[in-house]
Amino acid sequence: MNDLRNRVVQLRRFGGPEQLEVVDAPLPEAGPGEVRVRVLASGLEYTDTLIRRHLYPQTASRRPPFVMGYDVVGEIDQLGDRVSGFQLGDRVADMTVLGSNAAYRTLQASHLTPVPAGLDAAEAATLILSWMTAYQLLHRAAQVRPGLRVLVHGAAGAVGQALLVLGGMAGLQLWGGAYGKHAALIRELGATPIDYQREDFTRILPDGFDVVFDGIGDDGYRRSFAALRRGGLLCAYGYSAGVQGQRRMATMLMWIARLYLWSWLPGGKRAFFYSINAMRLRHPGWFTEDLARLFALLASGAIHPRVAERVSLDDVVDAHWRLEAGGLEGKLVLCPELTSRRDQHAA
């Protein structure tokens, strides 16, 4: 064990990608009820940019330095006391919010979901936040049924793509909002594309959509609410427009609070904000059940999550710049055992 070393992606202070650094850290030891995993894959999320810029409510009380990393797929290499049901070499997954952009980390055994043998670790990692968010938006929050007319904003993004794929499997009529260059992808995923630069999504359906999924929050969700039919449902789950517009967290929290006030307006329209962490806190069993279901869909070949690139520890800063720029048609996934692109070129 003495030859093992840990490297982690640490945030020095709140701000841009330049505030990230890869540092050596002590090798963690599994305590009672814990396992230690060798990290095989950890997603790089747009949510990470919110955390890094101090715009994410769930981590608002944390102060740097701390280790980034929202989710993890790893292989157990150490068992703590009082751990049962797992053994060395098992592959497991968890959503951690922080701490998983690392070579090694410890996890609570009671929080783990087994990863079926043979799954690609990077593809499995894409499911933990993005696809789980999509699955729960559809089946836990909106409780969709076949035939509903549904608009997905940011349809080319990680959650957007998952909403289209899983929505198609649920028998929904789907429209995907994105820039025109993503139209072919959206058609490939089974939806009718809406070009934000050329079309007004509030005028696509005269009677309005049954459900709108909005992770962007452009105009404080007003136009998404306007695009609903009478009795329709707006499911908001993010506010990337506010982040890009450099709004304060208080402003975006006001947008979220206003959603619930809109539900009292005449017309029977409803609106709410979905948080994956709040849902897991209220229904922890759902998280494990839903993630296991997604892993089974991946294992069967029913879904094919897109990995835009597998990223080494030394290339994380560059990856964060790309996350902020947007336009990716898949997920960036940190694979700590990869060699950096610079070293590959030097070789």
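When you count the other C-beta atoms within 10 angstrom of each residue and take the mean per peptide, 171-180, 97-106, 151-160 line up highest first as 151-160, 97-106, 171-180. Residues whose amide H comes within less than 5 Å of that of GLY154, counting only those at least five positions distant or on another chain, are GLY177 (H built at 1.01 Å from N in the peptide plane).
Assuming a ≥ b ≥ c are the square roots of the Cα gyration tensor eigenvalues, decide whether region 280-324 counts as rounded (a/c under 1.5), prolate (otherwise, with a/b larger than b/c) or oblate. Oblate is the answer for region 280-324, as a/c is 1.5 or above yet b/c matches or exceeds a/b. Surface composition of region 194-322: carbon plus sulfur atoms contribute 53% of the solvent-accessible area (1.4 Å probe, protein chains only, all chains present).
Near the amide H of THR96, within less than 5 Å, lie the amide hydrogens of ASP71, VAL72, all on another chain or at least 5 residues away, with H placed in the peptide plane. Accessible surface for the chain, divided over its residues, is 44 Å² per residue with a 1.4 Å probe.
Reducing region 265-334 and region 154-206 to their Cα centroids gives an inter-centroid distance of 17 Å.
DSSP finds beta bridges in the chain, and of those with both partners inside it, around 55 percent are antiparallel. The packing ranking, built from the mean of other Cβ atoms within 10 Å per residue, places the peptides 183-196, 32-45, 251-264, 220-233 in the order 32-45, 220-233, 183-196, 251-264, highest first.
The values are calculated or read from the model by the stated rules, or taken from the named source; none is laboratory data. Treat the numbers as computed from the prediction; the structure is a model and nothing was measured. Using ideal geometry, Cβ is built from the backbone for each residue, glycine included, and neighbour counts are taken over all protein chains shown. With ligands, DNA and RNA removed, areas are computed over all heavy atoms of the protein, side chains included. Shrake-Rupley method; radii C 1.70, N 1.55, O 1.52, S 1.80 Å.
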